[in-house]
Amino acid sequence: MLDSIKRFFSDKKSGKVARDRMQIVLLHDRLSIEPEIMENIKNEILAVLSKYMEIDHQSISVRVEQGKDYAAIVSNVHVKRVFRQAHTHTTNTG
Amino acid sequence: MPGKTIVITSGKGGVGKTTTVANLGTALAMRGLSVVMIDADIGLRNLDVVMGLENRIVYNVVDVIEGRCRLEQAMIRDRKINSLYLIPAAQTRDKDSVMPEAMKRLCDQLAENFDYVLIDCPAGIEQGFRNAIAGAQKALIVTTPEVSAIRDADRVIGLLEANMLKDIHLIINRVNQKMIKRGDMMSTEDICSLLSIPLIGIIPESEEVVISTNRGVPLVHDRKSQVAAAFKRIAGRLEGENIPIPLDNHEGSLLSKVKKIFGAG
Ligand SMILES: Nc1ncnc2c1ncn2[C@@H]1O[C@H](COP(=O)(O)OP(=O)(O)O)[C@@H](O)[C@H]1O
Ligand SMILES: [Mg+2]
């Protein structure tokens, strides 16, 4: 299945191949995030999640995952407890 | 009002920075503007031979910065145009002999007396690059439709932005419409959308560039050259003229096919 897709795409013109490859390469290059910025990203993720649940701040990991034809930001956080209000859409003004 | 200081940079070598500085500088000066070009490629001096001024060099940019001569002594006037000057690179020094602060002072000083200060940047992203961008308010990124040039351009754009130099425009050089039409070259739209900075001009690939470099006479002096016309349009756009950039879209290739059918291609 994958092979047949590959064979199908190998008929693509080299200009298109170059463009598609560059889209991924530039994405990967731009995702080589500096440590300080990565630290900021972590803290901001923690801040957002903390509004809805109690989480283990030590447990967070954020990394860039680079596959052959995709790039992703993968974050893992241990949840200790979920606040009940997270299930309703009311905002807590008390 | 002080003049514009513009660095011409690319990351990758051999993509046409020096060619662009020589032709754009000449094109701007042909419009009656005063222009000084600084060769910041210390140790690999080239702009002088491209301009045909190699026999007139006495002092260079490092001599100015280190106080061995006055600024005017290092400025070489063009053979044809009175308002065009070159400050050559040092050939024997290594590129670490200059510091960004000194380059910035030099550029500021020149901008007081010239409409344009064009800085020919060395390849790479080390000290020589940092020197070349230090005094610039604006950057022109030169790339070619090749993967390595585009990747390096993207890296350099990131570095410029990190250095608070955010007025950046793109020049795509060595565009071969025949190859684009048959699908074997990235289109100019593809390149623009990959790099996502505004385009200021497209320069066709042409043997004329090599021939004019052989002679040491910038191609913009040739009235019939398409490359010359492309550089002149960039000069116009820098001057704020609203000159549309013809892109090589699919309509274009369809139109040319239709023309061929009707014998007009
Ligand atoms: N549009 C073009 N068509 C054909 N050859 C070109 C073109 N632009 C540049 N060249 C050639 O490419 C080579 C590198 O150009 P140069 O301006 O010296 O690049 P850089 O300063 O970026 O290293 C030179 O031999 C030059 O003549
Ligand atoms: Mg050069």
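Things worth noting here:
- Packing-based ranking of A:72-79, B:61-68 yields B:61-68, A:72-79, ordered from highest to lowest mean Cβ neighbour count within 10 Å.
- Contact surface B-A: accessible area buried, both sides summed, square angstrom, 1.4 angstrom probe: 1100
- Among the residues of A:20-26, the average count of other protein chain beta-carbon atoms within 10 Å of the residue beta-carbon is 4.
- For the range A:2-82, the fraction of alpha-carbon pairs lying more than 18 Å apart is 58 percent, rounded to a whole number.
- Normalised by residue count, the protein assembly as shown yields a Cα convex hull volume of 235 Å³ per residue.
- Listed peptides B:155-163, B:221-229, B:137-145, A:48-56 appear in the order B:137-145, B:155-163, B:221-229, A:48-56 once ranked by packing, highest mean of other Cβ atoms within 10 Å at the front.
- Surface analysis of the range B:103-162 yields an accessible area of 36 Å² per residue, using protein heavy atoms and a 1.4 Å probe.
- Seen from all directions on average, the range B:1-89 presents a Cα convex hull projection of 6.2 nm².
- Measuring nothing but protein heavy atoms, the accessible surface of chain B at 1.4 Å probe radius is 50 percent carbon and sulfur.
- Solvent accessible area, Å² - B:Thr20, 1.4 Å probe, full protein context: 0
- Diffusion coefficient, µm² s⁻¹, Stokes-Einstein with Kirkwood Rh over alpha-carbon pairs of chain B at 25 °C and 0.890 mPa s: 131
- Annotation: the range B:134-210 has a Kirkwood hydrodynamic radius of 13.1 angstrom, from the mean reciprocal C-alpha pair distance.
- Furthest towards positive pole of dipole, B:Pro88, B:Gly128, B:Met185, structure part the protein assembly as shown, Cβ charges: B:Met185
- Assuming charge only on the beta carbon of Lys and Arg (+1) and of Asp and Glu (-1), the dipole of the protein assembly as shown about its Cα centre is about 1060 debye to the nearest 20.
- Under 5 Å between amide hydrogens, built in the peptide plane, is the criterion, and for B:Ile119 it picks out B:Ile6, B:Val7, B:Ile8, B:Ile38 among residues at least 5 positions away or on other chains.
- Per-residue average of Cβ from other chains inside 10 Å of B:190-196: 3
The values are calculated or read from the model by the stated rules, or taken from the named source; none is laboratory data. For clarity, every value in this text was computed on a predicted model and none was experimentally measured. Neighbour counts are summed over all protein chains in view; Cβ atoms, including those assigned to glycine, are modelled from backbone coordinates with ideal geometry. Surface areas here come from the heavy atoms of the whole protein model, side chains and all, with no ligands, DNA or RNA. Shrake-Rupley method; radii C 1.70, N 1.55, O 1.52, S 1.80 Å.
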